[in-house]
2 protein chains.
Amino acid sequence: MVADRLSTTFAALADPTRRAILARLMRGEAAVGELAAPFAMTLPAISKHLKVLERAGLIARGRAAQRRPCRLAAEPLGEVSRWVADYRRFWELRLDRLEDYLQEAPKARTRRPKKGKAHDRTRR
Amino acid sequence: MVADRLSTTFAALADPTRRAILARLMRGEAAVGELAAPFAMTLPAISKHLKVLERAGLIARGRAAQRRPCRLAAEPLGEVSRWVADYRRFWELRLDRLEDYLQEAPKARTRRPKKGKAHDRTRR
DNA sequence: CCGCTTATTAACCAGATGGTAAAATAATGA
DNA sequence: TCATTATTTTACCATCTGGTTAATAAGCGG
């Protein structure tokens, strides 16, 4: 896959199970079995998810007796945060524009209730 | 795939080509051919990438003659930003700890020079 | 209508992903 | 040493992904 770090991080985050695991780890270290408990899937599945998170540098693992406790290692998220920050003005701008548009009320637009997705609909 | 919105967004961002397309769109609208130009891949490939971005709500597309101009629609990134913010203290904490460790200098560690780019500051 | 330009759809392929069950490994404790 | 607990590895499967080429569609401009 050779993917760059940012891609690897985003890919790791693109799964609700893995994000839930990270959320759990915010509350402190946990062993694999403990992490698996809330999910309706087998241990090997969780083990794979943990490997994905580990390769993305989002968790680190230790060893204590038979357990392999995991802990959060969030720096890649710093990278994500920095990446996304570049786009901040775009979603903020968009909201501003929407506000302007709604306030200006050019001509006598029939005030259609907001109801998103008015246009486009490229067939289908 | 039924994936939730956040998963769809992260998945869409987990590809350097798609991130590059978003970066290009920061500089303004562009048609498909124009977006495709910088990449060593065929138009259908780009078309697919655009579909992924569109389904993630990261771009919107219009129509102008034969062209289908794309423009950035970054609100899903707002969601990402909000999600990632919850973890901020974790990567900041880690850096703090590192700092502590470096300052304490227990025993007589050989002072390796800090080598600029110490810890990055998340900007802003 | 014809032909050009722009873009999408269709069909296909290799490789990644997310899951399973069953077997293997690792550390502890009797 | 043996059983137990905790976790990973292996082998397998279906589906998704990212790319290709070839065919199709949609708007122009003559």
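Within the set of pairs 6 or more residues apart or between chains, which connect a residue that is under 17 Å from residue B:18 (Cα atoms) and without any contact (Cβ under 8 Å) to a residue 24 or more places away in the chain inside the stretch B:54-81 to a residue that is away from DNA strand D (no atom under 13 Å from the Cβ) and open to solvent by 60 Å² or more (accessible area, probe 1.4 Å) with Cβ atoms less than 6 Å apart?
Correct list of pairs: B:60/B:71.
Need the failing condition index for residue B:71 against (1) loosely packed, with under 12 Cβ neighbours inside 10 Å; (2) part of a strand (DSSP E or B), just the number.
With respect to (1) loosely packed, with under 12 Cβ neighbours inside 10 Å; (2) part of a strand (DSSP E or B), residue B:71 is out only on (1).
Are any residues in the stretch A:50-63 within 7 Å of DNA strand D (Cβ to nearest atom) and not in a helix (DSSP H, G or I), and if so, which ones?
Residue satisfying the conditions is A:61 alone.
Looking at the stretch A:73-95, can you tell me whether even one residue there is modelled with pLDDT under 95 and at positive phi?
No - not one qualifying residue is present in the stretch A:73-95.
From B:50, B:58, B:13, which residue is modelled with pLDDT of 95 or more, under 24 Å from residue A:75 (Cα atoms) and crowded, with 19+ Cβ neighbours inside 10 Å?
Within the list B:50, B:58, B:13, the selection yields B:13.
Go through the stretch A:5-37 residue by residue and tally those that are within 13 Å of DNA strand C (Cβ to nearest atom), part of a loop (DSSP other than H, G, I, E, B) and more than 9 Å from chain B (Cβ to nearest Cβ).
So the first thing to find is which residues in the stretch A:5-37 are within 13 Å of DNA strand C (Cβ to nearest atom), and the list is A:7-21, A:31-33, A:35-36.
This time we only want the ones that are part of a loop (DSSP other than H, G, I, E, B), so: A:14-15, A:31.
Narrowing further to those that are more than 9 Å from chain B (Cβ to nearest Cβ): A:31.
Residues meeting the conditions: 1.
For the stretch A:16-30, name all the residues that are of a type in the set (Asp, Glu) and open to solvent by less than 30 Å² (accessible area, probe 1.4 Å).
Applying the first criterion (of a type in the set (Asp, Glu)) to the stretch A:16-30 yields A:29.
Across the stretch A:16-30, there are no qualifying residues.
crowded, with 17+ Cβ neighbours inside 10 Å, among the hydrophobic types (A, V, I, L, M, F, W, C) and more than 9 Å from chain A (Cβ to nearest Cβ) - does that describe any residue in the stretch B:81-93? Reasoning before the result, please.
Initially, the stretch B:81-93 is screened for residues crowded, with 17+ Cβ neighbours inside 10 Å, giving B:81, B:83-84, B:87, B:90-91.
Restricting the remaining residues to those that are among the hydrophobic types (A, V, I, L, M, F, W, C) gives B:83-84, B:90-91.
Keeping just the survivors that are more than 9 Å from chain A (Cβ to nearest Cβ) gives none.
No; the residues of the stretch B:81-93 include none that is crowded, with 17+ Cβ neighbours inside 10 Å, among the hydrophobic types (A, V, I, L, M, F, W, C) and more than 9 Å from chain A (Cβ to nearest Cβ).
Just give me the residues in the stretch A:64-87 being over 25 Å from residue B:79 (Cβ atoms) and more than 9 Å from DNA strand D (Cβ to nearest atom), in sequence order.
Scanning the stretch A:64-87 gives a single hit, A:71.
Being touching a residue at least 12 places away in the same chain (Cβ under 8 Å) and part of a strand (DSSP E or B), is that true of even one residue in the stretch A:38-49?
No, the stretch A:38-49 has no match at all.
In the stretch B:43-70, what count of residues is obtained for those that are touching a Pro at 6+ places or on another chain (Cβ under 8 Å) and on the phi > 0 side of the Ramachandran plot?
1
Output the residue which, of all residues in the stretch B:34-46 that are away from DNA strand D (no atom under 12 Å from the Cβ) and over 18 Å from the mean Cα position of the chain (by Cα), is least open to solvent (accessible area, probe 1.4 Å).
Within the stretch B:34-46, the first condition is being away from DNA strand D (no atom under 12 Å from the Cβ), and the residues that meet it are B:34-35, B:37-38.
Then drop every residue that is not over 18 Å from the mean Cα position of the chain (by Cα), which leaves B:34, B:37-38.
Details: B:34: 98, B:37: 79, B:38: 102 Å².
Among those that are away from DNA strand D (no atom under 12 Å from the Cβ) and over 18 Å from the mean Cα position of the chain (by Cα), it is B:37.
The values are calculated or read from the model by the stated rules, or taken from the named source; none is laboratory data. Predicted model, so just to flag it, every value in this text is computed and none were measured. Counting neighbours? That spans all protein chains shown, and the Cβs are built from the backbone with ideal geometry, glycine included. For accessibility, only protein heavy atoms count, side chains too; no ligands or nucleic acids. Shrake-Rupley method; radii C 1.70, N 1.55, O 1.52, S 1.80 Å.
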